[in-house]
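The values are calculated or read from the model by the stated rules, or taken from the named source; none is laboratory data. Please read these numbers as outputs of a predicted model, since none were measured by experiment. Positions of Cβ are backbone-derived with ideal geometry, glycine not excepted, and every protein chain shown enters the neighbour counts. Side chains are part of the model used for accessible areas, which takes the heavy atoms of the whole protein and leaves out ligands, DNA and RNA. Shrake-Rupley method; radii C 1.70, N 1.55, O 1.52, S 1.80 Å.
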Amino acid sequence: MRPLHAAQSAVLDAMTTLPAQPATLREARGLVLAEDVVAPHGVPPFANSAMDGYAVRSQDIVGVPVTLRVIEDVPAGSVPTRAIAAGSAIKIMTGAPLPDGADAVVKVEDTDAGSPTVEIRAVVAAGTAVRPAGGDIASGSCVFTAGTRLTAPHLGVLASIGVAFPKVRRRPTVAIMSTGDELVTPETGKLAVGKIRDTNRPTLQAALEDLGAIVVDYGIVPDDAETLNKTLGHAARNGDVVVTSGGVSMGEYDLIKQELAALGTVEFWQVAMQPAKPFAFGSLGGTPLFGLPGNPVSVFVAFEQFLRPALLHMMGATRLFRSRGVAIAGEDLRTDPAKTVFIRATVTRDGDLLVAARSGGQQSNVLTALALADAFAVVPAGEGTVAKGNRVELELFRSPEGRTREEALGG
Ligand code: AMP
Ligand code: MG
């Protein structure tokens, strides 16, 4: 068996990065910057008020109350035409440019809100309620480095500096198919004996699209050499990556193995992991091929451990693997010490601790336990069973289901 990390490294070594092109901010969501972004100007672009109130010279307010002359009124979007001299103030709204001569803003609550004179009732230090020019982003500074995957706040930052067409690597196109004579489409009403509905394509399609890939669906391919050969050929020409499920286990009727071998260079691995031990990886005429096992839980685990990091690498991302946390085992978690085991786990909170327990049956066909899981409890090869109360690593493959209204706000 191949150690998991060796298998993951071999997969990443075989991947190239996709070309870069400018995209609109809307298109760029979830894609990865192909170059560093340097701020063409500072943010904020000019010193401005953080409060509705009065721009003042802090040195004018030594004892309070003190009365100042209001010489102008500046709403956001307009520009002060006058400078503040000793004994004067300018009424100012949040976001409006700070007038020359002012070094602080007194919030309206600390005044009598008056005009043409205002009574100031609180002492302010220089800089109070002032957002200095470049205080968030300095002009010319590197805001995000190449390899950053763009989320909602990243897109907002790019907008604020006028980078409306960031250079990102394009979306990978992923060709998927399910193999097996037993499979029928999910729309099938009554199942004939011996048939099951194809669950792997909907799972893969969703996981791939969440990642930002474009999915080309080649459907269900029967265990038939000619059809398989033709479909794999089309898929390899049209996809940046081809993903199959089924037909790669030991002792499997080895049609798929034959066809994969005929079309390209594909190796059949036994990875020291559970689930998803059998895994085919290689190239169909230069297109990377991921041959996932057939069992639905194995498909998702193989997606998480191999395909997701590989696609993120193609997309140019620096961070390829899921973040991890730590929990306490809420029960004995039995594992095979020869393999890295991904236990489908629910994670609950006990005071300051996270507690992980199995979310259901751990057989690789029990997809409900995966759907109910908040995380994988990961037990690396060599460790074996984690006893109740001991620590276990969590791999957070999705944010746990949110809190209910009662949990968040109380009864
Ligand atoms: P295989 O690797 O082809 O031997 O498949 C292993 C197990 O996964 C068998 O029980 C298959 O019926 C099942 N399986 C294969 N492909 C799918 C699929 N697309 N959806 C649901 N189950 C599948
Ligand atoms: Mg099969």
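Key figures
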{"quantity": "Relative contact order of region 300-380, pairs being alpha-carbon contacts under 8 Å that are 6 or more residues apart, as %", "calculated": "27"}
{"quantity": "Amide H contacts under 5 Å for LEU284, placed H, 5+ residues apart", "calculated": "LEU289"}
{"quantity": "Percent carbon-and-sulfur accessible area, the chain, ignoring ligands, DNA and RNA, probe 1.4 Å", "calculated": "52"}
{"quantity": "Mean Cα-pair separation over length for the chain, i.e. relative contact order, pairs under 8 Å, 6 or more apart, %", "calculated": "15"}
{"quantity": "Distant-in-sequence amide H partners of ILE214 (H built 1.01 Å from N, under 5 Å)", "calculated": "THR173, VAL174"}
{"quantity": "Ranking by accessible area, most exposed first, for PHE144, PHE321, PHE290 with a 1.4 Å probe", "calculated": "PHE321, PHE144, PHE290"}
{"quantity": "Integer Hz, Karplus 6.51/-1.76/1.60 couplings in order for region 166-171, x for Gly and Pro", "calculated": "x, 7, 10, 6, 6, 5"}
{"quantity": "Gained length - ARG403 relative to THR145, 0.36 nm times residue gap less alpha-carbon distance", "calculated": "89.5 nm"}
{"quantity": "Amide proton proximity set for TRP269, modelled H, under 5 Å, gap of 5+", "calculated": "PHE279, ALA280, PHE281"}
{"quantity": "Mean accessible surface per residue for the chain, computed with a 1.4 Å probe while every protein chain stays in place, in Å²", "calculated": "48"}
{"quantity": "Theoretical gain in end-to-end length, ALA387 to ASP73 [0.36 nm per residue, Cα-Cα removed]", "calculated": "106.1 nm"}
{"quantity": "Farthest toward positive dipole pole in the chain [+1 Lys/Arg, -1 Asp/Glu at C-beta], among VAL66, ALA408, LEU204", "calculated": "LEU204"}
{"quantity": "Check: the chain dipole with +1 on Lys, Arg Cβ and -1 on Asp, Glu Cβ, in debye", "calculated": "200"}
{"quantity": "Cβ-based net charge around ALA317, under 11 Å, with every Lys or Arg adding one and every Asp or Glu removing one", "calculated": "+4"}
{"quantity": "Förster radius 35 Å - calculated FRET efficiency between PHE46 and THR117, Cβ distance, rounded to 0.05", "calculated": "0.80"}
{"quantity": "3J(HN,Hα) from dihedral phi, region 369-374, Karplus parametrisation 6.51/-1.76/1.60, rounded to Hz, x for glycine, proline", "calculated": "5, 6, 5, 7, 7, 8"}
{"quantity": "Label-to-label distance, nm, for residues given as ASN365 and THR94 (7 Å Cα→Cβ offset)", "calculated": "5.9"}
